[in-house]
Amino acid sequence: MNKYLIVLLTAAAVCGATAQPREFTVDVSKPGAEIRPTMYGLFFEDINFAADGGLYGELVKNRSFEFPQRLMGWRTFGNVTLREDGPFENNPHYVRLGDSGHRHRHTGIENEGFFGIGVRAGQQYRFSVWARLPEGGGTGKVRVQLVDNSSQGERQDFVTQEIEIASADWRQYEVILTPETTNPKAALRITLAGAATVDLEHVSLFPADTWNGHRNGLRKDLAQALADLSPGVFRFPGGCIVEGTELENRYDWKKSVGPVENRPLNENRWHFTFAHRLYPDYYQSYGLGFYEYFVLSEELGAEPLPVLNCGMACQYQCSGIHDHADECDLEEFIQDALDLVEFANGPATSTWGSVRAGMGHPEPFGLKFIAIGNEQWGEEYVVRLEPFIERIRAVYPDIAIIGGSGPGSEGAEFEYLWPEMARLKVDLVDEHFYRPEQWFLSQGARYDGYDRKGPKVFAGEYACHGRGKKWNHFNAALLEAAFLTGVERNADIVHMATYAPLFAHYEGWQWRPDLIWFDNLGVVRTASYYVQQLYALNKGTHVIPVTLDGRPATGAEGQDGLFASAVLDADSGEYVVKVANTSDQVREITLAFKGLKKKALAREGTVTTLSSEDPDLENTVARPDAIVPVPTAVATDGSSLTATLAPNSFAVYRVGVE
Ligand code: AHR
């Protein structure tokens, strides 16, 4: 007996008789608005150790000794000194390893990684370091080891290599480590193994097998989880990180490109944003910067959507208007936006296009969107946004500009900003909603009444935050699925939707729920992930009207907690109907396809169901597949399809015609 049937039978037994069967009319004679390829996408922010310690493949923390506490993340022993006249202008610190003074004493450094260093048996890891012999002459030597400091075995080290340093000039050295055992929490130990003093800078360890094999690459399993979402748009780099606690530490894209050794460190505001979840060792290396982002967008087939600072620091954190750039002093910020477009799209001969080309991508990335400001509000935002729009339009009239509607999904700021965005003629307005269950249940018709002549909507950050249940439980995912039927039905006005945040490290999170959880070796896809994936893989090409008792199925009064949307997939010729049953009752439903003309529905289609008997259940490291979509066959009579929906379930029906 398959899992779905068991769920149905159990549900029927628990809930007893079902309510009246409900009939949905799916009018295929009227394919409506085009569904944008950008409809379902990704929101990436370096929060919860999403970049450094997460998607970015670097396994060494504070590799350039630039954290304000220069040796944070490192243990040193023997004769180690910190110096600051290194070869990289923006990262001048490095360490000097000198003779310990006794053959039984040792000099070295040891890095703890991000909550340890995760390595797998048989996989290759590329260790690299910039080094020199400061005293010249001869040959220096360092021993490089992965060690397990908690080991009760004879040895702590479980893989060892040696590197000879042969020059008084700074050079990069590299060696491959291939551990024979798997360890989620190893440390990287480097010991002076000769008599000569050695200087070390930019100490790095990457899996050799990164996503698409890139140097300075990304963790393959996490990037694969993104690819499996089939994203149409990719927002980056945030989030509040765009703004900075002060403008000084806003995300500055220009610092995130060029040779990785010379990208300066930035404070990560999430290390102190919540005093109850403090991560004092959370910084941004900018190693996953704007070049890596554009390349990844291209490889994922997603339109890049960068969000840039509008001259304002985080309004939650700043003490007043003086923390922002004066509205007459925005030139640097506006130029940053113009230069980013040039970096992405300019010819390889242009100033910033040549930087892109020098990094390995002479062809333009084809950037089409840019957002100015994240969660900004008030007149101070509007007066700053306006000159950005004028200048960007003048130079790049084809780039779509996205403005914001503040941090709330409604309320005074929201009501003020929407008309202002329409007045400024932005192309899309970014809406954010981290809201509880009741909000999601009540918003099935949210976009039905939006002005069709104004800007379009980018639902740029959203997630159901269960009241008192801030984890990725199934019910939150179900309500997101229900809400998204209204997004899909209004695809003429909602062009993009991205769940937020995207990633969280189990040992380093500041914010939850999140779409994808991970630790040093594993990945957990949440129920919300599968909702996003079901929408993205079944987004179709055109909206099809679907009604329940003559009304859109928005979970309204009298609709038994049912939400639905339908699309035509013109590429495959199939119809896709999504139905969320947010009630705790079994629901008998019929999907009656109207307007089929001479064609009939194929006798068999598929239904993919996401359900859980326990609405509080979540996927975990121990049970990553507790909630997964289950596909089964479904029969039609040529013009309709009758089905039974389990309580608390989301079903995606796909039927062709013959
Ligand atoms: O997604 C987490 C945070 O939520 C984002 O940084 C911010 O834009 C919003 O407040």
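The values are calculated or read from the model by the stated rules, or taken from the named source; none is laboratory data. Only a predicted model underlies this, so the values are computations on that prediction, with no experimental measurement involved. Glycine also receives a Cβ, built like all others from the backbone with ideal geometry; neighbour counts cover every protein chain displayed. Surface areas here come from the heavy atoms of the whole protein model, side chains and all, with no ligands, DNA or RNA. Shrake-Rupley method; radii C 1.70, N 1.55, O 1.52, S 1.80 Å.
Which one is farthest from G41 (Cα to Cα), of the residues in the range 467-489 that are over 21 Å from the mean Cα position of the chain (by Cα) and surrounded by fewer than 24 Cβ atoms within 10 Å (Cβ to Cβ)? Before the answer, list the steps.
Within the range 467-489, the subset over 21 Å from the mean Cα position of the chain (by Cα) is 467-469, 475, 482, 485-486, 488-489.
Still in the running and surrounded by fewer than 24 Cβ atoms within 10 Å (Cβ to Cβ): 467-469, 475, 486.
Values: R467: 26, G468: 28, K469: 25, N475: 21, G486: 17 Å.
Among those residues, the one meeting the criterion is G468.
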Notebook entry, point to check: Can you tell me which residues in the range 445-475 are under 21 Å from G404 (Cα atoms), free of Cβ contacts under 8 Å to residues at least 40 places away in the same chain and part of a loop (DSSP other than H, G, I, E, B)?
Noted result: G449, D451, K453, G454
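What tally of residues in the range 299-308 results from selecting those that are in contact with a strand residue (DSSP E or B) (Cβ under 8 Å, 6 or more places away or on another chain) and more than 14 Å from V341 (Cα to Cα)? Spell out the reasoning first.
Keep residues of the range 299-308 that are in contact with a strand residue (DSSP E or B) (Cβ under 8 Å, 6 or more places away or on another chain), which gives 300, 302-308.
Adding the requirement that they be more than 14 Å from V341 (Cα to Cα) leaves 300, 302.
Selection size over the range 299-308: 2.
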Item checked: Answer residue from the range 330-359, given it is without any contact (Cβ under 8 Å) to a residue 60 or more places away in the chain and assigned to a loop (DSSP other than H, G, I, E, B) and is surrounded by the fewest Cβ atoms within 10 Å (Cβ to Cβ) among those -> T349
Notebook entry, point to check: Does N212 qualify as being in contact with a helix residue (DSSP H, G or I) (Cβ under 9 Å, 6 or more places away or on another chain), part of a loop (DSSP other than H, G, I, E, B), open to solvent by 20 Å² or more (accessible area, probe 1.4 Å) and touching a residue at least 40 places away in the same chain (Cβ under 8 Å)?
Noted result: no
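In the range 281-293, which residues are of a type outside the set (D, E) and in contact with a Lys or Arg (Cβ under 8 Å, 6 or more places away or on another chain)? Write out each step before concluding.
Of the residues in the range 281-293, the ones of a type outside the set (D, E) are 282-291, 293.
Selection gives S285, Y286, G287, G289, Y291.
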Notebook entry, point to check: Counting only residues that are touching a residue at least 60 places away in the same chain (Cβ under 8 Å) and either part of a strand (DSSP E or B) or open to solvent by 30 Å² or more (accessible area, probe 1.4 Å) (or both), how many does the range 60-74 have?
Noted result: 1
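Please verify whether the range 110-122 includes one or more residues that are more than 16 Å from the ligand (Cβ to nearest atom), open to solvent by 70 Å² or more (accessible area, probe 1.4 Å) and part of a loop (DSSP other than H, G, I, E, B).
So in the range 110-122, the residues more than 16 Å from the ligand (Cβ to nearest atom) come out as 110-122.
Subset that is open to solvent by 70 Å² or more (accessible area, probe 1.4 Å): 112, 120.
Keeping just the survivors that are part of a loop (DSSP other than H, G, I, E, B) gives 112, 120.
Yes - at least one qualifying residue is present in the range 110-122.
With within 23 Å of E437 (Cα to Cα) and more than 27 Å from the chain's Cα centre (by Cα) as the only criterion, which of G595, G573, G558, G605 stands out?
On the way: G595 fails: within 23 Å of E437 (Cα to Cα); G573 fails: within 23 Å of E437 (Cα to Cα); G605 fails: within 23 Å of E437 (Cα to Cα).
Being within 23 Å of E437 (Cα to Cα) and more than 27 Å from the chain's Cα centre (by Cα) holds for just one of G595, G573, G558, G605, which is G558.
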Notebook entry, point to check: Within the range 222-238, is even one residue polar (S, T, N, Q), in contact (Cβ under 8 Å) with a residue 40 or more places away in the chain, over 30 Å from T541 (Cα atoms) and more than 16 Å from the ligand (Cβ to nearest atom)?
Noted result: no
Item checked: Tabulated pairs, the range 291-316, first under 22 Å from E375 (Cβ atoms) and in a loop (DSSP other than H, G, I, E, B), second away from the ligand (no atom under 16 Å from the Cβ) and polar (S, T, N, Q), C-beta under 7 angstrom, 6+ apart or interchain -> none
Item checked: Among residues of the range 397-446, those that are more than 15 Å from the ligand (Cβ to nearest atom), open to solvent by less than 30 Å² (accessible area, probe 1.4 Å) and closer than 24 Å to E243 by Cβ, counted -> 7
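Quick one: which strands (runs of 3 or more DSSP E) lie wholly within the range 519-598 and hold at least 3 residues that are surrounded by fewer than 16 Cβ atoms within 10 Å (Cβ to Cβ), of a type in the set (S, T, N, Q) and on the phi > 0 side of the Ramachandran plot?
Details: elements: 523-525, 542-544, 546-548, 562-569, 574-581, 587-594.
Hits in the range 519-598: none.
On the given criteria, is P237 crowded, with 20+ Cβ neighbours inside 10 Å, on the phi < 0 side of the Ramachandran plot and in contact with a Gly (Cβ under 6 Å, 6 or more places away or on another chain)?
Details: crowded, with 20+ Cβ neighbours inside 10 Å: yes; on the phi < 0 side of the Ramachandran plot: yes; in contact with a Gly (Cβ under 6 Å, 6 or more places away or on another chain): no.
Taking the combined requirement at face value, the residue does not satisfy it.
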